[in-house]
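I have placed the structure first, in the form of structure tokens, so that the comments after it can refer back to it.
Just so it is clear, none of the values below were taken in a lab; they were calculated from the coordinates. All values reported here derive from a predicted model rather than from experimental measurement. Reconstructed Cβ throughout: ideal geometry from the backbone, glycine too, with neighbour counts over all protein chains shown.
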Amino acid sequence: MFRIMIIEDDEKIRRIVADALRKWQYEVIELTSFENVLGEFEARQPHLVLLDVNLPVFDGFYWCQQIRSVSKVPIIFISSRNQNMDVIMAINMGADDFVQKPFDLGVLVAKVSALLRRNYTYQDESLQLSHRQLIFHLSNSSVQYGEHTAELSRNEFIILQTMMRQIGKIVSRDDLMQVLWNDEQFIDDNTLTVNVNRLRRKIAMLGIEDFIVTRKGMGYIIE
């Protein structure tokens, strides 16, 4: 059974979300103390985290960064804050998705289910893909070029795998958003751009420039 940790200081929202998830047979961990979120996370080892931005002591961005320093567990922000900068900051801190309050419980549960399925299904793969001497290790979500390696986030993993299985073909932004989030109409377009640019930077730092090329108005391609 998958364990989901809810880090939300609004008791009413926390209970509503927890009840909805339990109906879908998820084990739910509700945090009620927010002084040592990382310690609670490490002790309980959830498979996914639902994280509010506005928390007492330290905000959700801080705790997202702390969790990312020790784990690749999927993280979804749930927040009333809806500025583009908040979404971009969440993604840059390592979050996988950002859901704005008030949200539809059905949509939230669908996102949780899809993220769990994709994250833990992909982890089981043990293949390698290669192109232009870049080796993509599917088994541990990393890329290697010569003696240099870099670890990928869950979203970077999915983007690169989708594109490397279609080398020489243009992959549209809509197709990538569908693979990443399924309900792409709920995702700000900037979120995909942030993920692609972050993946590009990691590959460039290994020594390969222009590995992913933008085709304006069409999408992206690995040539």
In the chain, which helices (entire DSSP H runs) extend 24 Å or more along their own long axis, judged by Cα positions, while averaging at least -0.5 on the Kyte-Doolittle scale? 105-122, 189-206
Who wins for biggest fluctuation among Ile67, Ile212, Ile16 in a Gaussian network model of the chain, springs between alpha carbons below 10 Å? Ile16
Please list the equivalent ellipsoid semi-axes of the stretch 128-221, computed as the square roots of five times the alpha-carbon gyration tensor eigenvalues, in descending order and whole angstrom. 22, 14, 12
With the calculation restricted to Cα positions, what are the radius of gyration and Dmax of the stretch 3-122 in angstrom? 12.9, 35
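So if the hydrodynamic radius of the chain is defined as the Kirkwood radius over C-alpha pairs, what does Stokes-Einstein give as its diffusion coefficient at 20 °C and 1.002 mPa s, in µm² per second? Mind dumping the intermediate values first?
Details: Rh = 18.2 Å.
In µm²/s, the coefficient rounds to 118.
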For the chain, with the dipole built from +1 on Lys and Arg beta-carbon atoms and -1 on Asp and Glu ones, taken about the Cα centre, which of Val28, Pro74, Leu129 lies farthest toward the positive end? Leu129
Quick one: length gained pulling Leu116 to Arg44 fully straight, 0.36 nm per residue minus the C-alpha distance? 24.2 nm
Sticking with the crude label model, points 7 Å out along Cα→Cβ, report the distance from Met1 to His131 in nm, one decimal please. 4.2 nm
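For the stretch 57-159, run through the trypsin sites (Lys or Arg not before Pro) and keep only the ones in DSSP coil with at most 10 other Cβ atoms within 10 Å of their Cβ.
none
Quick check on the chain: of the DSSP beta bridges with both residues there, what percent are antiparallel, nearest 5%? Working shown, then result.
Values: 16 of 31 bridges.
Given both bridge residues lie in the chain, the antiparallel proportion sits at roughly 50 percent.
If R0 is 41 Å, what FRET efficiency do you get for Thr214 and Thr32 from their C-beta distance, rounded to 0.05? Could you put the intermediate results ahead of the total?
Numbers: r = 46 Å, r/R0 = 1.12.
Computed FRET efficiency for Thr214 and Thr32 comes out at 0.35.
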